[in-house]
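**Student:** Handing you this structure, nothing more for now.
The values are calculated or read from the model by the stated rules, or taken from the named source; none is laboratory data. The structure presented is a predicted model; accordingly, all values stated were derived computationally and were not measured. Cβ sites come from the backbone with ideal geometry, for glycine too, and all protein chains shown count toward neighbours.
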Ligand SMILES: C[S@@+](CC[C@H](N)C(=O)[O-])C[C@H]1O[C@@H](n2cnc3c(N)ncnc32)[C@H](O)[C@@H]1O
């Protein structure tokens, strides 16, 4: 079951674009770059990356067939997409830029992951990624709901990790250890003004909750979403518009001197 729904995901397109633009601004433009965009989603931002860098080639990688369906319509010289898990990037792959916006948080063990991704960064190449900072209350709420019945039994006690991202200082140290002699790591709060608190639920439906939907039997999915929604809304002020501060970590590093 592919729980990703491009239409749901793109409801917050403008809000999601801001960190992409900020991450792209950190990348140093060089002639003829070979670029890979990990967890490229629907591919429109991958195309923007390709164009902005005037890259020789850009490969979008995603494991969701539904998200990639959109991407395959984006025909452009040098731009290609492949359905693949980030975890199984071929060992021999080499790129001048390994880029990932809002996707690495889906993978565990970031020290090991970044070490693996660094093998795909050519000498003198760059790594740039953005992940939501740890501490999103919604993740804890989803995990709490997953541990109540009947979801607990259906999921076999599984919950999505509440914390996957490291602290900014830990990413900085890791980049240094991995040979990125120049780096830029920062925590940035994105101030989103949403119509009401219900929109936070809609936002989470397009991302966080997909991991639960993927694992739950079809007859429990709606009940799970409802239980999550009720708990989430309880924690949020009923304000219109609703101010939603979203913390993200942006990391960029260049290998070599
Ligand atoms: C929040 S979306 C981000 C999409 C796009 N980068 C953007 O900025 O709009 C996360 C994407 O990562 C993909 N993804 C999550 N885990 C993945 C994995 N292990 N391998 C490949 N893609 C993955 C999902 O399918 C989804 O399309």
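**Student:** Which residues, taken from segment 30-46, are out of contact with any helix residue (DSSP H, G or I) (no Cβ under 6 Å at 6 or more places or on another chain), surrounded by 20 or more Cβ atoms within 10 Å (Cβ to Cβ) and in a helix (DSSP H, G or I)?
**Tutor:** Within segment 30-46, just 46 meets the criteria.
**Student:** Wholly within segment 186-257, which helices (runs of 4 or more DSSP H) include no fewer than the required count, namely at least 2 residues that are modelled with pLDDT under 95, under 29 Å from residue 151 (Cβ atoms) and within 24 Å of the chain's Cα centre (by Cα)?
**Tutor:** Counting at least 2 such residues, we get 198-205, 210-215.
**Student:** Just one of the numbered conditions (1) away from the ligand (no atom under 13 Å from the Cβ); (2) buried (at least 16 other Cβ atoms within 10 Å of the Cβ); (3) within 25 Å of residue 245 (Cβ to Cβ) is not true of residue 95; which one?
**Tutor:** Here residue 95 clears every test but (3).
**Student:** When you go through 56, 122, 52, 87 one by one, which is the residue that is within 16 Å of the ligand (Cβ to nearest atom) and modelled with pLDDT of 95 or more?
**Tutor:** 52
**Student:** Right, here's the next one. Go through segment 98-119 and report how many residues are touching a residue at least 60 places away in the same chain (Cβ under 8 Å), near the ligand (Cβ under 9 Å from one of its atoms) and not in a strand (DSSP E or B).
**Tutor:** Looking only at that region, the number is 5.
**Student:** Separate question: Please go through segment 121-166 and pick out each residue that is over 24 Å from residue 16 (Cβ atoms), buried (at least 19 other Cβ atoms within 10 Å of the Cβ) and touching a strand residue (DSSP E or B) at 6+ places or on another chain (Cβ under 8 Å).
**Tutor:** 121, 125
**Student:** If you go through segment 60-72 one residue at a time, do you hit one that is modelled with pLDDT of 95 or more, more than 11 Å from the ligand (Cβ to nearest atom) and either over 20 Å from residue 128 (Cβ atoms) or surrounded by fewer than 16 Cβ atoms within 10 Å (Cβ to Cβ) (or both)?
**Tutor:** For segment 60-72, residues modelled with pLDDT of 95 or more, more than 11 Å from the ligand (Cβ to nearest atom) and either over 20 Å from residue 128 (Cβ atoms) or surrounded by fewer than 16 Cβ atoms within 10 Å (Cβ to Cβ) (or both): absent.
**Student:** Quick check on my filter: what residues within segment 1-29 are over 17 Å from the mean Cα position of the chain (by Cα) and loosely packed, with under 15 Cβ neighbours inside 10 Å?
**Tutor:** Within segment 1-29, 1, 25, 28, 29 qualify.
**Student:** Being assigned to a loop (DSSP other than H, G, I, E, B) and more than 21 Å from residue 30 (Cβ to Cβ) is the filter here, so list the residues in segment 51-96 that pass it.
**Tutor:** Across segment 51-96, the qualifying residues are 63, 64, 72, 73, 74, 75, 84, 85, 89, 90, 91, 92.
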